[in-house]
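K.L.:
What follows is a single structure, and I will ask about it in a moment.
The values are calculated or read from the model by the stated rules, or taken from the named source; none is laboratory data. This structure is a prediction, so every number in the text was calculated from the model and none was measured. Glycine gets a Cβ as well: all are built from the backbone with ideal geometry, and neighbour counts include every protein chain shown. In case anyone asks, the SASA skips ligands and DNA or RNA and just uses the protein heavy atoms, side chains included. Shrake-Rupley method; radii C 1.70, N 1.55, O 1.52, S 1.80 Å.
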Amino acid sequence: MIWIDDRLVPESSASVSYMDRGYYFGDGIYEVFRVYGGRMYEADAHYERLERSAREIGLKLPYTRKETDAILVSLIEREKARNATIYMQVTRGVAPRSHAFPAGAKPVMMAYCNDTPRPTPTMEKGITAITRPDIRWLRCDLKTLNLLGSVLAKQEAAELGADDVILHRDGVVTECSASNLIIVKDGALHTHPADHLILHGITRAVVLRLARERGVEVRERPFTLEELRKADEAFLTSTIMEITPIVQIDGLPVGGGEPGPFTHRLQHDFEATIPHN
Ligand code: PMP
């Protein structure tokens, strides 16, 4: 079942107008929520980010937080979801093609809930990555539908047989194609500051909090490709991939070429934040 335009419909009858501004301009925002044991994880943080993205692009959300939450919870219940993800997006609505905001268009929300297994194999084994220039725009802090920069980067990785892409701007590492990047060097975590050049990941925030609680030094500062290559450990964080070690970058091993002890410890601490049924 899909929630679209104020109602819940079977997937086969869900449709959007060819004049939807999401389709023409990528004029909209989205969120991906995790469901563990039938319950949403860090829901308030996701709603806050959604509301901020909406505010920053001048989009009025069609429902209050409470109403949105009731819709998403009904999707979980309807699908009897245990471990799942909810995808939701809101576009600026349907109007004849013209760049400036249309007068009177009604924002369109779409949402669905899919079973999504925990990424256990990759969390254990780690993944490989390549580095590529970050050609995205300058508001990567907004979770908008304009994802072409990430799409092209990820496609390049796929063609080269790598699992993911680490993006950099003139040699300064920002994040991955759909996740944040954290490196470990001499016992401290380093990650790009949460400014306009990266998405303010919910998983990133949880991980940095857990590290600080353990007394691990956390340095939110820009670091270079060269520092990345000398890292003891590297891992990405995201709602879907959780904490996934990166064991090889541009064909060279990271540290010992296997998931490292800091990554393991944070995975363990993260596990304890997940409500189990
Ligand atoms: N950066 C980008 C570009 C992303 O698309 C995502 C996935 N939402 C993240 C970081 C990770 O954010 P989160 O932990 O909130 O899923």
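K.L.:
What spacing in nm lies between the two simple spin-label points modelled at E213 and R82, each 7 Å away from Cα in the Cβ direction?
P.N.:
With each label point 7 Å from Cα toward Cβ, the separation is 2.5 nm.
K.L.:
Moving on. Over the chain, what is the relative contact order in percent, taking alpha-carbon pairs closer than 8 angstrom and at least six residues apart? Mind showing how you got there, number by number?
P.N.:
Working: 535 pairs, mean separation 51.3, N = 277.
Worked out over the chain, it gives 19 percent.
K.L.:
Okay, next question. Do any of K66/K154; K125/K230; K60/K143; K60/K80; K125/K185; K80/K125 go past 26 Å between their Cα atoms, and which? Present the calculation step by step, with values, prior to reporting the outcome.
P.N.:
Values: K66/K154 35 Å; K125/K230 20 Å; K60/K143 15 Å; K60/K80 30 Å; K125/K185 20 Å; K80/K125 30 Å.
Long pairs (Cα-Cα over 26 Å): K66/K154; K60/K80; K80/K125.
K.L.:
Which aspartates and glutamates does K106 reach when only Cα atoms under 20 Å apart count, and residues fewer than 8 places away in its own chain are ignored?
P.N.:
Output for K106: D5, D6, D20, D27, E31, E51, E56, E67, D69.
K.L.:
How far, in nm, would the chain grow between A188 and K66 when pulled straight, counting 0.36 nm per residue and subtracting the alpha carbon separation?
P.N.:
On the way: separation 122, 0.36 × 122 = 43.92 nm, distance 3.91 nm.
Value of the extension gain: 40.0 nm.
K.L.:
Sticking with the crude label model, points 7 Å out along Cα→Cβ, report the distance from A272 to R39 in nm, one decimal please.
P.N.:
It works out to 1.7 nm between the two label points.
K.L.:
Could you state the orientation-averaged shadow area of the convex hull built on the Cα atoms of segment 2-117, in nm² to one decimal? Don't skip to the end; give the middle numbers.
P.N.:
Working: hull surface 28.6 nm².
Mean projected area of the Cα convex hull: 7.2 nm².
K.L.:
For helix 148-159, what angle does its Cα long axis make with the longest principal axis of the chain, in degrees from 0 to 90 and rounded to 10?
P.N.:
50
K.L.:
In degrees, nearest 10, range 0 to 90: what is the angle between the Cα axis of helix 261-271 and the longest Cα principal axis of the chain?
P.N.:
Helix 261-271 sits roughly 30 degrees off the main axis of the chain.
K.L.:
Rolling a 1.4 angstrom probe over the protein chains, ignoring ligands and nucleic acids, what is the accessible area of V16 in square angstrom, nearest 10?
P.N.:
Number for this one is 100 Å².
K.L.:
Could you sort Y36, Y63 by their accessible area in this structure, using a 1.4 Å probe and putting the largest first?
P.N.:
Details: Y36 5, Y63 40 Å².
Descending accessible area places them as Y63, Y36.
K.L.:
Order R265, R97, R21, R169, most accessible first, counting only protein heavy atoms with a 1.4 angstrom probe.
P.N.:
Working: R265 95, R97 135, R21 5, R169 50 Å².
Solvent-accessible surface, decreasing: R97, R265, R169, R21.
K.L.:
Provide T191, T239 ordered by accessible surface of protein heavy atoms (probe 1.4 Å), highest first.
P.N.:
Working: T191 5, T239 25 Å².
The residues order as T239, T191, largest area first.
K.L.:
Please list, in order, the residues from segment 107-135 whose amide nitrogen is less than 14 Å from a point placed 7 Å along the Cα→Cβ vector of L148.
P.N.:
Backbone N within reach: 135.
K.L.:
Something else about it: Grab the DSSP H runs of the chain that are 4 residues or longer, score each as -39,500 (n - 2.57), total them, divide by all residues and round the 222 nm result to the nearest 500 deg cm²/dmol. Mind dumping the intermediate values first?
P.N.:
Values: 8 runs with 80 residues, N = 277.
That calculation yields -8500 deg cm²/dmol at 222 nm.
K.L.:
Keeping all protein chains in position, work out how much accessible area S98 exposes to a 1.4 Å probe, and write it in Å² to the nearest 10.
P.N.:
70
K.L.:
Need the C-alpha centroid separation for segment 38-93 versus segment 215-273, integer Å.
P.N.:
29
K.L.:
Separate question: Express in Å², to the nearest 10, the accessible area of M40 obtained by rolling a 1.4 Å probe over the protein heavy atoms while all chains stay in place.
P.N.:
We get 40 Å² for M40.
K.L.:
List the residues, sorted by chain then number, that are 5 or more residues from H168 or on another chain and whose placed amide H is less than 5 Å from its amide H.
P.N.:
When sequence neighbours closer than 5 places are left aside, the close amide H contacts are R132, D134, T174.
K.L.:
With a probe of 1.4 Å, find how much accessible area the chain has per residue, and write the answer as a whole number in Å².
P.N.:
Working: 13360 Å² over 277 residues.
Ligands and nucleic acids excluded, the result is 48 Å² per residue.
K.L.:
How much length is gained on full extension from A14 to E220, taking 0.36 nm per residue of separation minus their Cα-Cα distance?
P.N.:
Details: separation 206, 0.36 × 206 = 74.16 nm, distance 4.26 nm.
Contour length minus Cα-Cα distance gives 69.9 nm.
K.L.:
Same structure again: For segment 2-117, what is the relative contact order in percent, using Cα pairs closer than 8 Å and at least 6 residues apart in sequence? Mind showing how you got there, number by number?
P.N.:
Numbers: 182 pairs, mean separation 43.0, N = 116.
Worked out over segment 2-117, it gives 37 percent.
K.L.:
Which percent of the accessible heavy-atom area of the chain goes to carbon and sulfur, probe 1.4 angstrom? Provide the component values of the computation, followed by the final result.
P.N.:
Values: 7200 of 13360 Å².
The nonpolar share, carbon plus sulfur, comes to 54 percent.
K.L.:
With r as the distance between the Cβ atoms of S74 and V172 and R0 = 41 Å, compute the FRET efficiency 1/(1 + (r/R0)^6) and round to 0.05.
P.N.:
Details: r = 43 Å, r/R0 = 1.06.
With R0 = 41 Å, the Cβ-Cβ based efficiency is 0.40.
K.L.:
Whole-Hz ³J(HN,Hα) for each residue in segment 3-19, computed from phi via Karplus 6.51 cos²θ - 1.76 cosθ + 1.60 with θ = phi - 60°, x for glycine and proline: what do you get?
P.N.:
In residue order, the calculated couplings are 7, 8, 6, 6, 8, 9, 9, x, 3, 5, 10, 7, 8, 10, 6, 5, 9 Hz.
K.L.:
Could you give the length gained by full extension between A205 and W137, i.e. 0.36 nm per residue of separation minus their alpha carbon distance, to one decimal place? Can you show the working numbers first?
P.N.:
Working: separation 68, 0.36 × 68 = 24.48 nm, distance 2.26 nm.
Net length gain for the segment: 22.2 nm.
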